[in-house]
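Worksheet for the structure shown next.
Since every read-out is calculated from the coordinates, none of them should be taken as a lab result. This one's a predicted model, so the numbers in the text were calculated from it and none came from an experiment. Note that each Cβ is placed from the backbone with ideal geometry, even for glycine, and that neighbours are counted across all protein chains shown.
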DNA sequence: AATATAACTAACTTTTTGGTAAGTAGCTTT
DNA sequence: AAAGCTACTTACCAAAAAGTTAGTTATATT
């Protein structure tokens, strides 16, 4: 009996690659906030999300920027001013995120009920 | 100047709730494998994914089952036999996952290029 | 009698992630 | 002259996630 890998190479696959970045604690939230506001400064995002630390906001923005999902514009002035907005690439991702959000909204109650009844059994 | 939270309550929001489960290292992979195969046994999923540990497969399946995305059917025999398949709820999520997968496939090269050029600067 | 089997579970270690608190820059306002 | 502003960075720490290894079960096979 031979063992074969049905779904080879999935670890180097695009989905995994993208989700590793998008699937962390804050990235999607940041993308959604930026999607609602066109342009935001660091502290505006910080306040919009409310409970993200400066460090995580900074790290997450950097990752999103590295992937080309978010654009960062620095104004060389003091105190500093930096503006963030979605790139076209970032914008092209958002509909899928929204679709997922829609599904989540629709099925949240069911899922919570499932979790609850699973625990009891 | 008042500080206001633009995007209140996002932490208790459905998207976050769902993504906390779906956005881990293995869940989406498992869903995709199950979507391609209708019914699979534990070891078949294990081999299909290739480098997931038994423990993580077990934990992930349990979470997916708890949320009602995956159905688990035990045959009371020895050696044991357990079959996994998507529930209707699970199936209803898959199109969105596939959409995300499609986006990832289309934009993977761009993203990798972005990352590479970001590092150099 | 020993070994194989399938689907796990338990205990433990390692790795990754995220949080906290403090510090930095240099100009402007008090 | 001290304090405030903005957008961070750094060092450190705790918690969470994931990996490793060994063990369990009870029957069937060699």
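If R0 equals 35 Å, the separation of the Cβ atoms of residue A:106 and residue A:51 corresponds to a calculated FRET efficiency of about 0.85. Under the simplified labelling scheme, the residue B:98-residue A:74 pair shows an inter-label distance of 4.5 nm, with each label point 7 Å from Cα along Cα→Cβ.
Computed per residue of chain B from DSSP H runs no shorter than four, each worth -39500 (n - 2.57), the mean residue ellipticity at 222 nm is -20000 deg cm²/dmol. Across the copies of the chain, residue A:38 has label points (7 Å from Cα along Cα→Cβ) spaced 5.2 nm apart, shortest distance listed first. Hey, how much of the P(r) for the protein assembly as shown falls beyond 21 Å, as a percent of Cα pairs? For the protein assembly as shown, the share of Cα pairs beyond 21 Å comes to 62 percent.
Each copy carries residue B:115; placing its label point 7 Å along the C-beta direction from Cα gives inter-copy distances of 3.0 nm, listed from smallest up. With springs only between Cα atoms under 10 Å apart, run a GNM on chain B and tell me which of B:55, B:25, B:91 wobbles the most. Its mean-square fluctuation being the largest, the pick is B:55. On the basis of the beta-carbon distance and an R0 of 30 Å, residue A:88 and residue A:20 show a calculated FRET efficiency of 0.85. Taking the longest Cα principal axis of chain A as reference, the axis of helix A:27-37 is set at about 50 degrees.
One quarter of the convex hull surface built on the alpha carbon atoms of chain A amounts to 11.8 nm², the projected area averaged over directions.
Residue of chain A with the smallest Cβ distance to the axis mapping A onto B, distance rounded to whole Å: A:23, 2.
Starting from the label point of residue B:85 at 7 Å along Cα→Cβ, the same points in the other copies fall at 5.0 nm, in ascending order.
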